[in-house]
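The values are calculated or read from the model by the stated rules, or taken from the named source; none is laboratory data. Here the structure is a predicted model, which is why all the values come from computation and not from measurement. Neighbour counts run over all protein chains shown; Cβ positions are idealised from the backbone, glycine included. These area figures cover heavy atoms from the full protein model, side chains too; ligands, DNA and RNA do not enter into them. Shrake-Rupley method; radii C 1.70, N 1.55, O 1.52, S 1.80 Å.
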Amino acid sequence: MKPSPRSHLYRLLLVLAVAGAGFVGLRQLAIPDSWDEEHWYRGDALDELAAQPSRFGGNASCEGSSCHEPPANHKANYDALSQGLHAGVACESCHGPLARHAADGEKLDHARLNVANELCLGCHQELIARPQNFPQFSETLLYHELLNVRETSPCRACHNPHEPA
Amino acid sequence: MKQPETNGRRVFLSKLLGGGVAAAGALMGLRAPALAKVLEGPDEGFDPGEHDYVFVVDIQKCIGCGNCVRACGIENNVPEGQFRTWIERYVVTHEGVHVDSPEGGMNGFEAIDPALREQAINAFFVPKLCNHCAEAPCVQVCPVGATFTSPEGFVLVDPEHCIGCGYCIQACPYGVRFMNKERRVADKCTWCYHRIRRGQQPACVTVCPTGSRSFGDTRDENDPVAQILKDDQWDVLKPGMHTQCQVLYVGLPRVVV
Ligand code: SF4
Ligand code: SF4
């Protein structure tokens, strides 16, 4: 039998059809199931991102707790803090992330703290870019001069960080 | 969901004490179990359509302590040497403006050079982070739709979908994006999306001791950020880019870029 005079066209059409089907198939595979056609993102991404655990618990983790009865009194420190000059400072500003400190009634991790005076100077060292009205350490302050307080002296010898004055 | 226990002694102790501790905890009114749920669990009842979030930075309150930068790195596992948020120190003189940000301000700042201090006519700290632009250039250029605007108006990166081409990093006029050197995908501040959905504040806002950083919902009348909008005394970075930034700066000196 003689081949059809248009067989080259049929062959071309076949190749195009296979390529087209291949493209559509691959595209289908490449598009994630939860793709949002309207807003152009993978819908599942939202819940996946939201599942990231929190490391910082916020003051809610310390507030109202009855942990640590005296002498290591969590509650007394928290109450003092919320009334004093450091009222705006969160527990975790100095103690670091505490979301993992306690869970299910168990203590999981220590509340770490750097008690060296760098902790205090991190905020209170005199720096020109700091707001003028922000209390900044000075060796020439009257009391500091009288008591011979240097930048290296332990702040906590006189100041209580939970109730600073 | 509870994190799997890895510490053998702790597992043993918890089994030994399990019942007793649980009972004691309940008696003492510990809030820890409820909290654990908040910190990792699902966020039922969160309706994305009902919020309009803004982040407010008050320049006059920042003391450059770096608490925010450290907290952000811990909260979001940001690789060492990379930053989702950072602090810049501006020192303005008649001769020019000096800006520095050693390690993103992570460990605070040293005193400036005494000669420079002599010349300084103004000095202040500027916290920086992603502006979550309503018209975000990064979203426009992403070829695969891995950078997108969430229904709540957050600009987010889908790390599973990102191909690491880096176009978005080039497109951001604020330089807040970077290639995460561990995950090899684009990374940046998410406004702590995971925390917001749980009703928490962003990590940096949580630890900022001076209230220089705040975050809130402008649809909520009682939210402090609503007052900032009423006062109408805020600026955005590079307004000429028309990106509709949602990080509002209060007291922003004009030299800041
Ligand atoms: S909102 Fe979260 S991710 Fe953004 S700068 Fe603050 S701590 Fe970092
Ligand atoms: S924690 Fe607050 S005051 Fe300290 S550097 Fe960050 S924004 Fe400034």
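Provide the buried accessible surface between chains B and A in square angstrom, both chains summed, 1.4 Å probe, rounded to the nearest 100.
Details: alone 14910 and 13380 Å², together 23800 Å².
Interface between B and A: roughly 4500 Å².
Report the Rg/Rh value for the range B:192-232, based on alpha-carbon coordinates and the Kirkwood definition of Rh.
Details: Rg = 10.9 Å, Rh = 11.0 Å.
Value, to two decimals: 0.99.
How many Cβ atoms of partner chains, on average, are near each residue of A:120-126 if near means within 10 Å of its Cβ?
On the way: counts 0, 2, 10, 8, 2, 7, 1.
Mean partner-chain Cβ count within 10 Å for A:120-126: 4.
Other chains near B:63-72: what is the mean number of their Cβ atoms within 10 Å of each residue's Cβ?
Numbers: counts 11, 6, 8, 2, 7, 1, 0, 4, 7, 1.
Partner Cβ neighbours, averaged per residue: 5.
How large is the Kirkwood hydrodynamic radius of the range B:111-257, in angstrom, based on all distinct alpha carbon pairs? Write out the running numbers ahead of the final one.
Numbers: mean 1/r = 0.0583 Å⁻¹.
Hydrodynamic radius (Kirkwood, Cα pairs) of the range B:111-257 is 17.2 Å.
Shape of chain A from its Cα gyration tensor (a ≥ b ≥ c, root eigenvalues): rounded if a/c is under 1.5, otherwise prolate when a/b > b/c, or oblate?
Working: a/c = 5.48, a/b = 2.99, b/c = 1.83.
Cα axes put chain A in the prolate bin.
Between the helical axis of A:74-83 and the dominant principal axis of chain A, each derived from Cα atoms, what acute angle in degrees is found, rounded to the nearest 10?
80 degrees
Given contacts defined as C-alpha pairs under 8 Å and at least six residues apart, what's the relative contact order of chain A, whole-number percent? Numbers along the way, then the final one.
Values: 121 pairs, mean separation 26.9, N = 165.
Computed over chain A, the figure is 16 percent.
State to the nearest 20 debye the size of the charge dipole of the protein assembly as shown about its Cα centre, where the only charges are +1 on K and R beta carbons and -1 on D and E beta carbons.
Working: 38 positive and 50 negative charges, 292 e Å.
Dipole of the protein assembly as shown, to the nearest 20 debye: 1400 debye.
Suppose the chain between residue B:52 and residue B:230 were pulled fully straight at 0.36 nm per residue; how much longer would it get relative to their current alpha carbon spacing? Walk me through the intermediate numbers first.
Values: separation 178, 0.36 × 178 = 64.08 nm, distance 1.48 nm.
Once the chain is fully extended between residue B:52 and residue B:230, it gains 62.6 nm.
In the protein assembly as shown, with Lys and Arg counted as +1 and Asp and Glu as -1 at Cβ, which of these residues, A:76, B:229, B:71, has the Cα nearest the positive end of the dipole, that is, farthest along it?
It is B:71.
Inside 10 Å of the C-beta atoms of A:26-37, what's the mean count of C-beta atoms belonging to other chains?
1
Quick check: pseudo-label points 7 Å beyond the Cα along Cα→Cβ at residue A:10 and residue B:115, how many nm apart are they?
With each label point 7 Å from Cα toward Cβ, the separation is 8.8 nm.
Farthest toward the dipole's positive end in the range A:1-47, which of A:29, A:14, A:45, given Cβ charges of +1 (Lys, Arg) and -1 (Asp, Glu) about the Cα centre?
A:14
Compute, for the range A:98-152, the length of the dipole vector about the Cα centre, with Cβ point charges of +1 (Lys, Arg) and -1 (Asp, Glu) only. Units Debye, rounded to 20. Walk me through the intermediate numbers first.
Details: 5 positive and 8 negative charges, 20 e Å.
In total the dipole reaches around 100 debye.
May I ask you to give the solvent-accessible area per residue for the range A:1-134, in square angstrom, as obtained with a 1.4 angstrom probe? List each step's numbers first, then the result.
Numbers: 8560 Å² over 134 residues.
With the other protein chains kept in place, the range A:1-134 gives 64 Å² per residue.
Report the GluC sites (Glu not before Pro) located in the range B:100-146 that are in a DSSP loop and have at most 14 other Cβ atoms inside 10 Å of their Cβ, or state none. Mind showing how you got there, number by number?
Working: sites: B:103, B:110, B:118, B:135; in loops: B:110, B:135.
Sites meeting the loop and neighbour criteria: B:110, B:135.
With charges only on Cβ, +1 for K and R and -1 for D and E, what is the dipole size of the range B:93-188 about its Cα centre, in debye, rounded to 20? Could the numbers behind the result be given before it?
Numbers: 7 positive and 12 negative charges, 59 e Å.
Approximately 280 debye in magnitude.
How long are the three semi-axes of the equivalent ellipsoid for the range A:98-165, computed from the Cα gyration tensor as the root of 5 times each eigenvalue, in whole Å, largest first?
For the range A:98-165, the semi-axes come out at 31, 15, 10 Å.
Return the distance in nm (one decimal) between the two label points of a simple spin-label model at residue B:219 and residue A:24, each offset 7 Å from Cα along Cα→Cβ.
In this crude label model, residue B:219 to residue A:24 measures out at 4.1 nm.
Over 20 Å intervals from 0, what percent of Cα-Cα pairs in the protein assembly as shown sits in each interval?
Spelled out per bin, shortest first, that is 22, 49, 22, 5, 2, 0.
Can you give the accessible area of residue B:61, probe radius 1.4 Å, in Å² rounded to 10?
90 Å²
Just subtract the alpha-carbon distance of residue A:148 and residue A:17 from 0.36 nm times their residue separation and send over the number in nm, one decimal.
Values: separation 131, 0.36 × 131 = 47.16 nm, distance 8.98 nm.
Additional length available on full extension: 38.2 nm.
Listed here are the pairs B:61/B:230; B:181/B:230; A:75/B:230; A:107/B:181; B:61/B:181; A:107/B:61; which of them are more than 30 Å apart at the Cα? Walk me through the intermediate numbers first.
Values: B:61/B:230 20 Å; B:181/B:230 41 Å; A:75/B:230 37 Å; A:107/B:181 34 Å; B:61/B:181 33 Å; A:107/B:61 35 Å.
In this structure, B:181/B:230; A:75/B:230; A:107/B:181; B:61/B:181; A:107/B:61 lie more than 30 Å apart at Cα.
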